[in-house]
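Worksheet: one structure, shown below.
The values are calculated or read from the model by the stated rules, or taken from the named source; none is laboratory data. In this text the structure is predicted, and so the values were computed from the model without any measurement. Counting neighbours? That spans all protein chains shown, and the Cβs are built from the backbone with ideal geometry, glycine included. Surface accessibility is based on the protein's heavy atoms, side chains included, excluding ligands, DNA and RNA. Shrake-Rupley method; radii C 1.70, N 1.55, O 1.52, S 1.80 Å.
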Amino acid sequence: MADKIPRQKMPQQDPAKRIHNFNEVPLGYDENTAVLEASRCLQCRRPTCVEGCPVNINIPGFIKALKEGNPLEAFAVIKQTNSLPAVCGRVCPQEDQCEKLCVLAKKGEPVAIGNLERYVADFEREKEHYAFQKVKAEKGKKVAIIGSGPAGLTAAGDLARMGYSVTVFEALHKAGGVLVYGIPEFRLPKDIVQYEVDALKAMGVTIELSRVIGTAETVNDLLSSGFDAVFVATGAGLPLFLDIPGENLQGVYSANEYLTRSNLMKAYRFPEYDTPIVKGDRVAVVGGGNVAMDSARTALRLGSKEVYIIYRRSKKEMPARIEEVERAEEEGIIFKLLTNPVRFIGDEKGRIKAVECIQMELGEPDASGRRSPIPVKGSEFIIDIDVAIIAIGNGPNPLIPKTTPGLDTTKRGNIVADPQTMKTSKRGVFAGGDIVTGAATVIQAMGAGKKAAKAIDEYLSTGVW
Ligand SMILES: Cc1cc2nc3c(=O)[nH]c(=O)nc-3n(C[C@H](O)[C@H](O)[C@H](O)COP(=O)(O)OP(=O)(O)OC[C@H]3O[C@@H](n4cnc5c(N)ncnc54)[C@H](O)[C@@H]3O)c2cc1C
Ligand code: SF4
């Protein structure tokens, strides 16, 4: 019986070794393990797993092909709806999506859908290069995409396949958005993202790097220079701060800056790369999401001796993926739960030397449904540190809304877009991903990119807004 075979574990680098390198932590399945895991799938007639996938991958379909020894066919099935399978196989919160709804989850352990997706995508990348196919831009219409994160890249792939001429404008010097500047190498190797970008280029998509839209060039300039539609996918890259004393001391980073310096600007290979980063002996990371885990684990790999996660709720409320929390624990990150910083303390040279925290207890659930933290009077205490990293979330960058007349935004500055068509208040302009929803997930951004591509095609085919 398929459900008697236990879920196959993925081997991973030993914690004692991996804290000294930036190589990927999970090592992937071999062929036998992948086929064995695939054989656990019951091929349900009503595959509930698919309902949990924001881009509706034909999950039993790809698993069947894999089980029958045809990983390339499995890849083709996934690619019908997902243009970044190697990325999703690594970073999607499968435990809350497809795997949560797998029927086997009710009785025991769900099929390891994410691990199988990763295996199939890696097989194709390492052996076949099936994805590198040119498509003709036969529609005679041009679409501009602003931002090369998962939303922008997905829309670019779908639109190119439909026959549009697509140009992606990216402010940074590398394409990929958070996938390259935020998520560290040990969770998502950068050559995998580059492979997906190269596949898009091979299809005919033009990628213009170091092109910030909203300064010298605006959305209106793009529309008047021959682009028939614009998709704004600029993400949520504006760091939020705690707004407590001492936050501008030297040695206090936003997670964005810290991770960008390390990942994109290769600070971890200083002096080979000329990007310095303060490597403290004792580092405090404030926050409990994936960004906080990534920052803490990066600090450890950069040589810090003690790394704290300071989080104001309990572990149960942490928004980070469970497996990333577990990996951080295995690596020796120290969790200071139900704890909140109240001020950073500096030395005479203006460098951070400590953080004062207060103990918290949990009250009633707040608007997000999580139990709200309440400070415990008189429970203040001090932790000596020499670096602090603030990872409490990101807001939308205001550049495009400010320089695009007629583009409606919410109070928080997110662009307002129809959830089905991604149409904004401005004719010809669509928006999706984190810039619309606020910080969310890779697959949700990809889902928005897919919807936008479909709606852009309809608009450009019919002229109806
Ligand atoms: C450290 C970190 C870890 C994460 N871990 C996970 C995870 O494990 N799983 C998961 O599902 N999600 C994770 N997320 C969230 C996920 O990465 C985002 O939800 C997703 O990347 C959003 O995609 P996007 O395309 O909307 O925007 P982004 O990926 O933010 O891409 C936007 C791009 O637009 C560019 N841009 C911005 N303004 C302009 C402009 N004016 N002109 C030109 N270009 C511009 C930016 O430079 C950027 O490259 C993580 C996020 C972070 C920061
Ligand atoms: S629900 Fe689980 S067992 Fe059923 S098809 Fe999906 S992955 Fe296979």
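Exactly one of these conditions fails for residue 274: (1) more than 18 Å from residue 318 (Cβ to Cβ); (2) of a type outside the set (Lys, Arg); (3) touching a residue at least 12 places away in the same chain (Cβ under 8 Å). Give me its number.
(3)
Tell me, please, whether a residue that is in a strand (DSSP E or B) and either open to solvent by 60 Å² or more (accessible area, probe 1.4 Å) or more than 16 Å from ligand 2 (Cβ to nearest atom) (or both) can be found in segment 442-456.
Within segment 442-456, none of the residues are in a strand (DSSP E or B) and either open to solvent by 60 Å² or more (accessible area, probe 1.4 Å) or more than 16 Å from ligand 2 (Cβ to nearest atom) (or both).
So that you can scan it fast, the table gives a plain yes or no per residue for (1) touching a Gly at 6+ places or on another chain (Cβ under 9 Å); (2) part of a loop (DSSP other than H, G, I, E, B); (3) away from ligand 1 (no atom under 16 Å from the Cβ):
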| site | (1), (2), (3) |
| --- | --- |
| 24 | no, yes, no |
| 33 | no, no, yes |
| 36 | no, no, yes |
| 41 | no, yes, yes |
| 49 | no, no, yes |
| 55 | yes, yes, no |
| 64 | no, no, yes |
| 69 | no, yes, yes |
| 72 | no, no, yes |
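Please indicate, with yes or no, whether at least one residue in segment 346-365 is among the small types (Gly, Ala, Ser), surrounded by fewer than 17 Cβ atoms within 10 Å (Cβ to Cβ) and touching a strand residue (DSSP E or B) at 6+ places or on another chain (Cβ under 6 Å).
yes
Looking at segment 1-32, which of its residues are within 17 Å of residue 65 (Cβ to Cβ) and either open to solvent by 30 Å² or more (accessible area, probe 1.4 Å) or in contact with a Phe, Trp or Tyr (Cβ under 7 Å, 6 or more places away or on another chain) (or both)?
29, 31, 32
Kindly evaluate residue 341 against the criterion of being in a strand (DSSP E or B), crowded, with 16+ Cβ neighbours inside 10 Å and at pLDDT below 95.
So residue 341 fails the test.
Can you tell me which residue within segment 35-56, out of those that are within 25 Å of the chain's Cα centre (by Cα) and either of a type outside the set (A, V, I, L, M) or modelled with pLDDT of 95 or more (or both), is surrounded by the fewest Cβ atoms within 10 Å (Cβ to Cβ)?
51
The rows are residues; the columns are (1) touching a residue at least 40 places away in the same chain (Cβ under 8 Å); (2) part of a helix (DSSP H, G or I); (3) surrounded by fewer than 17 Cβ atoms within 10 Å (Cβ to Cβ).
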| residue | (1), (2), (3) |
| --- | --- |
| 184 | yes, no, no |
| 192 | yes, yes, no |
| 195 | yes, yes, no |
| 200 | yes, yes, no |
| 207 | yes, no, no |
| 221 | no, yes, yes |
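Listed here are the residues, each with its yes/no results for (1) under 26 Å from residue 10 (Cα atoms); (2) in contact with an Asp or Glu (Cβ under 6 Å, 6 or more places away or on another chain); (3) within 16 Å of ligand 1 (Cβ to nearest atom).
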site	(1), (2), (3)
280	no, yes, no
298	yes, no, yes
306	no, no, no
319	yes, no, yes
323	yes, no, yes
330	yes, no, no
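Give me the residue from segment 298-314 that is assigned to a helix (DSSP H, G or I) and in contact with a strand residue (DSSP E or B) (Cβ under 7 Å, 6 or more places away or on another chain) and, out of that set, surrounded by the most Cβ atoms within 10 Å (Cβ to Cβ).
299
Go through the residues of segment 121-137 one by one and say whether even a single one is among the basic types (Lys, Arg) and at pLDDT 95 or above.
There is no residue in segment 121-137 that is among the basic types (Lys, Arg) and at pLDDT 95 or above.
Every residue in segment 80-115 that is within 11 Å of ligand 1 (Cβ to nearest atom) and of a type in the set (S, T, N, Q), please.
Those that are within 11 Å of ligand 1 (Cβ to nearest atom) and of a type in the set (S, T, N, Q): 94, 97.
With 152, 140, 108 as the choices, which residue is open to solvent by less than 50 Å² (accessible area, probe 1.4 Å) and under 30 Å from residue 428 (Cα atoms)?
Only one candidate qualifies: 152.
So, in segment 376-420, of the ones that are β-branched (Val, Ile, Thr) and in a strand (DSSP E or B), which residue ends up most open to solvent (accessible area, probe 1.4 Å)?
Per the criteria, the residue is 382.
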